[in-house]
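**Q** Take a look at this one; I'll ask things after.
The values are calculated or read from the model by the stated rules, or taken from the named source; none is laboratory data. None of these values were measured; they are calculated from a predicted model. Cβ placement follows ideal geometry from the backbone for every residue including glycine, while neighbour counts extend to all protein chains displayed.
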Amino acid sequence: MPEEPCQCPDCQRFYREHDRLIRESPTLRQQQELNWAALQSFRTLSGRVLEDLHKQNNSSKNDLIDTHLSSGDLADKSSDTYQQVIADLESINAYLFSIETLMEKIFDVRVPESIEKKFQEHAGELAPDPLNLDRLRLNRLLHQTPDVPDLN
């Protein structure tokens, strides 16, 4: 028996976004471009934040030394946490760079128009328009339970 999909708000948001991305980018080429753009935006944003943290870290070292002298362990813990965040973001950027290198191989793949049409067909099956009248009716029927009768 298949496991029921999770109904928590985070998973529901993921399912909606997943389906939207399939509906709005139903071809191989569009998926390639979408994933490339998402990766680049992630790298750009995390790189900028990391750059700012490095600047802030360098400019506030003197402040941290002064704080450390006046408050003891508290400044050490704050500084350690700050350094850990920087290290984590540097790791994320390294991972993103690795993913980018792998994704470049995806762009080497080109498929004929007939295959792109198959992508579009499957996209319609995997993530139909949620506002389509038939889909709304089907959803209503599928979600009826004996303890929650249909109000129509």
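**Q** Taking residue 133 as the residue in question, decide whether it is at pLDDT below 90, surrounded by 11 or more Cβ atoms within 10 Å (Cβ to Cβ) and closer than 23 Å to residue 17 by Cα.
**A** Working: at pLDDT below 90: yes; surrounded by 11 or more Cβ atoms within 10 Å (Cβ to Cβ): no; closer than 23 Å to residue 17 by Cα: yes.
No.
**Q** Name the residues in the stretch 1-39 that are closer than 21 Å to residue 131 by Cβ, part of a loop (DSSP other than H, G, I, E, B) and modelled with pLDDT under 85, would you?
**A** Those that are closer than 21 Å to residue 131 by Cβ, part of a loop (DSSP other than H, G, I, E, B) and modelled with pLDDT under 85: 5, 7.
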